[in-house]
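Structure first, commentary second.
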Amino acid sequence: MRLGRVASPEGPRWVRETPDGFLPVSDPFLAFAEGRAPHDEGDAVEGTVVAPVDPLVIVGIAQNGPDHISPVQAWLKSPRTVIGSGAEVALRRDAGAPVAEGEIAVVIGRATHGLTARNAHEYVLGITAVNDLSSPDRASIDPRNFESKSGEGYTPLGPWIDTEAGIDDVDLDVEVDGLLVARTGSRELPMAIRECLAYVAAWSVLGPGDVVMTGAPHSQAPVRAGQRVTIRVAGIELVTAFV
């Protein structure tokens, strides 16, 4: 099932993607806690698709790419940087050359008490696409990734959560202006997704709707104003335009 949210006068409304349009559904996190799929709630609706979740916590996994000599570590990114697919991002001109980082994002389904590498999938609502925009030129003076990751709109997310894709073998593509620049996936991550989740959960409890960005396995691309980046995760297309 592909779950997402559309804008409405009352706020974002949960929907699932169908051939006939967006079908409203009940709260998927409540359904997840009860061990079932969300219920359909009425006829198909129209609306603008927005970011699929409003996470309280976004965790990034650093050094989880090929050839890193440092151990894998987690870091935190502001949830206020989240935007939906199709939005424009004004690139910062004061932080060096910007880079798009296509990553597989995990949406947590329930509190991670008891999560291990073996049972990690039991805590995952689904996966989605994320563009972890960065200004790596700041790294030498910004070891905690605050300045380099905190631009407004620097976390395009979504637009859909795939609840059936699993976390063990997920494809990831990155295109810039329609040109494929990376074709990779979770198989290229030195630390598997389930191990990333276990590592994070061992230090900090995550909850429903929180997001873990699992690293960029050869999926970075320099970007500039006027370009358009498409990130595909398990077929989910996240599109971002830069100004």
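Placing +1 on the Cβ of every Lys and Arg and -1 on the Cβ of every Asp and Glu, with nothing else charged, gives the chain a dipole about its Cα centre of roughly 600 debye. Restricting the chymotrypsin sites (Phe, Trp or Tyr not before Pro) of region 86-174 to loop positions (DSSP other than H, G, I, E, B) with no more than 15 neighbouring Cβ atoms within 10 Å leaves 146. Karplus-based coupling profile of region 153-164, in residue order and whole Hz: x, 7, 9, x, 9, x, x, 10, 9, 8, 8, 10, with θ = phi - 60° in 6.51 cos²θ - 1.76 cosθ + 1.60 and x standing for Gly or Pro.
Each residue of region 170-179 was assigned a 3J(HN,Hα) from its phi angle through the Karplus expression (A = 6.51, B = -1.76, C = 1.60, θ = phi - 60°), giving 10, 7, 9, 10, 10, 10, 10, 6, x, 9 Hz with x at Gly and Pro.
3J(HN,Hα) along region 209-216, derived from phi through the Karplus expression 6.51 cos²θ - 1.76 cosθ + 1.60 where θ = phi - 60°, amounts to x, 5, 10, 10, 8, 8, x, 10 Hz, with x in place of Gly and Pro.
When a/c is below 1.5 the answer is rounded, else prolate if a/b is larger than b/c, else oblate, so apply that to region 137-243 with a ≥ b ≥ c taken from the square roots of the Cα gyration tensor eigenvalues. Cα axes put region 137-243 in the oblate bin. Rg ratio for region 141-195: its Cα radius of gyration over 2.2 N^0.38 Å, N being its residue count, equals 1.44. With contributions of -39500 (n - 2.57) from each DSSP H run of at least four residues, the per-residue ellipticity at 222 nm computed over the chain stands at -2000 deg cm²/dmol. Exposed loop sites here mean trypsin sites (Lys or Arg not before Pro) with a DSSP loop assignment and at most 11 other beta-carbon atoms within 10 Å; the chain contains its longest site-free run at 145-223. Out of every Cα pair in region 51-242, what percent are spaced more than 23 Å from each other? Counting every Cα pair in region 51-242, those more than 23 Å apart make up 35 percent.
Stretched out straight at 0.36 nm per residue, the stretch from residue 204 to residue 122 would grow longer than its current Cα-Cα span by 27.8 nm.
Give me the net charge for the shell around residue 186: Cβ to Cβ below 12 angstrom, other residues only, Lys and Arg +1, Asp and Glu -1. Within the 12 Å Cβ shell, the charges total -4. Between amide H atoms placed 1.01 Å from N, distances below 5 Å from residue 83 occur with 155, 157, all of them 5 or more places distant or on a separate chain. Take every DSSP beta bridge whose two residues both sit in the chain; close to 90 percent of them are antiparallel.
Relative to its Kirkwood radius, the Cα radius of gyration of region 1-50 gives an Rg/Rh of 0.96.
Less than 18 Å from a label point 7 Å out along the Cα-to-Cβ axis of residue 140: which backbone N atoms in region 99-119 qualify, by residue? Hits in region 99-119 for residue 140 at 18 Å: 99.
Length gained on full extension, residue 36 to residue 90, computed as 0.36 nm times the residue gap minus the Cα-Cα distance: 15.4 nm. How would you classify region 1-117 from its alpha-carbon gyration tensor, with a ≥ b ≥ c the square roots of the eigenvalues: rounded for a/c under 1.5, else prolate if a/b is greater than b/c, otherwise oblate? Cα axes put region 1-117 in the oblate bin.
The numbers here are math on the coordinates, done by the rules we state, and not lab data. For clarity, every value in this text was computed on a predicted model and none was experimentally measured. So basically every Cβ, Gly included, is an ideal-geometry build from the backbone, and we count neighbours across all protein chains shown.
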